[in-house]
Amino acid sequence: MNPFGGLKKFVRKAPPPNIERCELCNVALAPIHPQLLELETRRIACSCGACAMLFDSPEVKRFKRIPRDIRYLTDFQLTDVQWSELHVPINLAFFLDN
């Protein structure tokens, strides 16, 4: 008799490594999903729609939902060298007016 045998039913299998997960509740995420900004640390966190909805209220102070709108900066220019020095791997950046 294995003393840990009864615990097997509570053990979850590790998720496949290529599935991105919500950083708050660990649910699997769709390819396009909400992003949250942790205000104290300025860290960006991936989230599911349900968790992101919790932070739509201005009363919530820990996270702020990052809007999905895109704004092109028409007068903004960077050389390829300047862009590469930013070390942004996907040619996309978030800017926060603090």
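The values are calculated or read from the model by the stated rules, or taken from the named source; none is laboratory data. Bear in mind that the values here come from a model prediction, so they are computed numbers and not experimental data. Neighbour counts run over all protein chains shown; Cβ positions are idealised from the backbone, glycine included.
Screening residue 44 on (1) in contact (Cβ under 8 Å) with a residue 12 or more places away in the chain; (2) assigned to a loop (DSSP other than H, G, I, E, B); (3) hydrophobic (A, V, I, L, M, F, W, C) shows it passes everything except condition (2). For segment 60-88, the set of residues classified as of a type in the set (Val, Ile, Thr) and at pLDDT below 85 consists of 60, 70, 88, listed by residue number. When you scan segment 16-38, how many residues do you find that are in a loop (DSSP other than H, G, I, E, B), closer than 10 Å to residue 48 by Cα and either touching a Gly at 6+ places or on another chain (Cβ under 8 Å) or of a type in the set (A, V, I, L, M, F, W, C) (or both)? So the answer is 9.
So that you can scan it fast, the table gives a plain yes or no per residue for (1) modelled with pLDDT of 85 or more; (2) within 18 Å of residue 69 (Cα to Cα); (3) more than 18 Å from the chain's Cα centre (by Cα):
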site: 18; (1), (2), (3): no, no, no
site: 26; (1), (2), (3): yes, no, no
site: 36; (1), (2), (3): yes, yes, no
site: 41; (1), (2), (3): yes, no, no
site: 47; (1), (2), (3): yes, yes, no
site: 52; (1), (2), (3): yes, yes, no
site: 58; (1), (2), (3): no, no, yes
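Tell me which residues, restricted to segment 1-32, are surrounded by 15 or more Cβ atoms within 10 Å (Cβ to Cβ), touching a helix residue (DSSP H, G or I) at 6+ places or on another chain (Cβ under 7 Å) and farther than 17 Å from residue 60 by Cα. Selection gives 22 alone. Surrounded by 12 or more Cβ atoms within 10 Å (Cβ to Cβ), touching a residue at least 24 places away in the same chain (Cβ under 8 Å) and assigned to a strand (DSSP E or B) - does that describe any residue in segment 48-62? Checked segment 48-62: no residue is surrounded by 12 or more Cβ atoms within 10 Å (Cβ to Cβ), touching a residue at least 24 places away in the same chain (Cβ under 8 Å) and assigned to a strand (DSSP E or B).
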